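S.K.: Sharing a structure with you now.
The values are calculated or read from the model by the stated rules, or taken from the named source; none is laboratory data. Predicted model, so just to flag it, every value in this text is computed and none were measured. FYI the Cβ positions are ideal-geometry reconstructions off the backbone, even for glycines, and counts take in every protein chain you see.
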Amino acid sequence: MRQQVAAAGVVAVLALAGCSQSGSGSASNPSPSGGCPLTISDAWVKAVDSGMTAAFGTLKNTTDQTVTIDSATSPAAPMLELHEVVTGTDGAATMQPKAGGFVLDPGTTTTLAPGGEHVMFMGVSTPIKVGDEVTVSLHTTAGAECTMTAPARTFTGGNETYAPSMPGMDSPSQSPMGDMGSSSQSPMPGMDMPTP
């Protein structure tokens, strides 16, 4: 199974090599004109057996124009969404889809991190084990595609809840951490910093 995730990632990386970025921890130079307008560093994904997980990293807009990431894809999951965590009036942290996507003004950096903006994987059916490398493609409104390779790590959970309107988020069996409770206000696991 680990080989299937890795093989799918290799195929995707080779197909998109013109705009790929490294997730190894140091920023890469942007691709030539028409390629990826971002450098991506420190990418990682939470290891999980099935259900949901998330990808994180640092994105830098290397252009003189605003870049908006409006979607993401990965061979590791059939559905990915751009999410954010917000604090409600009751003080509880709630995860929800990020309206408008991730917007990076010229020359700015955005950090995708636990407890903040992140790329949510839903419907993971093949385990993502510690050490696996997961390919994630970020798509911009201008039609560019930026691919990052994110190594899988373990990390422990936080106390975010799902926004009640998020479809497919109310089943405990979909949690990457097991039983999260029986309502759509279930705690979102894994929003602390990773264990390398």
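S.K.: Which members of the stretch 82-97 meet the condition of being assigned to a strand (DSSP E or B) and either exposed (fewer than 11 other Cβ atoms within 10 Å of the Cβ) or β-branched (Val, Ile, Thr) (or both)?
M.R.: Matches in the stretch 82-97: 85, 86, 87, 94.
Residue-wise test of (1) surrounded by 18 or more Cβ atoms within 10 Å (Cβ to Cβ); (2) in contact with a helix residue (DSSP H, G or I) (Cβ under 9 Å, 6 or more places away or on another chain); (3) among the β-branched types (Val, Ile, Thr); (4) at pLDDT 95 or above.
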{"residue": "120", "(1), (2), (3), (4)": "yes, no, no, yes"}
{"residue": "123", "(1), (2), (3), (4)": "no, yes, no, yes"}
{"residue": "127", "(1), (2), (3), (4)": "no, yes, no, yes"}
{"residue": "147", "(1), (2), (3), (4)": "yes, yes, yes, yes"}
{"residue": "151", "(1), (2), (3), (4)": "yes, no, no, yes"}
{"residue": "172", "(1), (2), (3), (4)": "no, no, no, no"}
{"residue": "192", "(1), (2), (3), (4)": "no, no, no, no"}
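S.K.: Is it the case, given these coordinates, that residue 46 is of a type in the set (Lys, Arg), closer than 23 Å to residue 152 by Cα, surrounded by fewer than 23 Cβ atoms within 10 Å (Cβ to Cβ) and within 17 Å of the chain's Cα centre (by Cα)?
M.R.: Working: of a type in the set (Lys, Arg): yes; closer than 23 Å to residue 152 by Cα: yes; surrounded by fewer than 23 Cβ atoms within 10 Å (Cβ to Cβ): no; within 17 Å of the chain's Cα centre (by Cα): yes.
So residue 46 fails the test.
Residue-wise test of (1) hydrophobic (A, V, I, L, M, F, W, C); (2) closer than 17 Å to residue 142 by Cβ; (3) touching a residue at least 40 places away in the same chain (Cβ under 8 Å); (4) touching a Lys or Arg at 6+ places or on another chain (Cβ under 6 Å).
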| position | (1), (2), (3), (4) |
| --- | --- |
| 69 | yes, yes, yes, no |
| 74 | no, no, yes, no |
| 80 | yes, no, yes, no |
| 85 | yes, no, yes, no |
| 116 | no, no, no, no |
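S.K.: Looking at (1) modelled with pLDDT of 95 or more; (2) under 14 Å from the mean Cα position of the chain (by Cα); (3) crowded, with 18+ Cβ neighbours inside 10 Å, which one does residue 114 not meet, given that it meets all the others?
M.R.: That leaves (1) as the condition not met.
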